[in-house]
Amino acid sequence: MKSFSELTSKEKSIELLRWLFVLPASVLAVLTLCLLAGIAMPPTMAQLPGTPPLVPSDFHRFVLPRIFGALMAAAFVIAGAKTAPRSRVATAVGLVVLWMLYSFMTHVLVHLGRGKAHYAHFVIAAVASASAAAYIYYSERSQGRRP
């Protein structure tokens, strides 16, 4: 791959545009999964007085939030790193750090002392984002690019 200074002006503008779209692509991947999570885990609706409350299943309360948390973490890292024109592994590591900071703030910092479930969500997000960075590393290595 040519260095940035060897590129033509059109190639430079395309590369800069791709760098600008790294973070929006990551956020768009997360928002898409949030929409799917909203369909898979519908919120409890108001009910008429006197009707028995509908309790969501354990699958909806325990398993689906963890699955979607892991998918969102991985999608954030993979979408952003694949959008980057070069240095995809470094971009993936940067996105892992961003996601872990976001996850720490939303799962742990806000819920200090309120149970182990919030720490479990943070660990799942951290492992999923790190696994996505490892996937980027091995995909770059298998394609013969310098990671």
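Things worth noting here:
- Taking the criterion of being among the small types (Gly, Ala, Ser), closer than 30 Å to residue 61 by Cα and free of Cβ contacts under 8 Å to residues at least 40 places away in the same chain, the residues of region 10-50 that qualify are 37, 38, 40, 46, 50.
- Considering region 121-147, and only residues there that are in contact (Cβ under 8 Å) with a residue 12 or more places away in the chain and loosely packed, with under 14 Cβ neighbours inside 10 Å, the residue that is nearest to residue 69 (Cα to Cα) turns out to be 127.
- Members of region 99-120 that are free of Cβ contacts under 8 Å to residues at least 12 places away in the same chain and either closer than 30 Å to residue 11 by Cβ or surrounded by 14 or more Cβ atoms within 10 Å (Cβ to Cβ) (or both): 102, 106, 111, 118
- Looking across region 83-116, the residues that are small (Gly, Ala, Ser), modelled with pLDDT of 90 or more and either within 20 Å of residue 65 (Cα to Cα) or in contact with a Ser or Thr (Cβ under 6 Å, 6 or more places away or on another chain) (or both) come down to 84, 103.
- Residue match in region 68-84 (condition: within 20 Å of residue 24 (Cβ to Cβ) and over 15 Å from the mean Cα position of the chain (by Cα)): yes
The values are calculated or read from the model by the stated rules, or taken from the named source; none is laboratory data. Small disclaimer: the values here were computed from a predicted structure and weren't measured. No Cβ is skipped: glycine too gets one built from the backbone with ideal geometry, and neighbour counts run over all protein chains shown.
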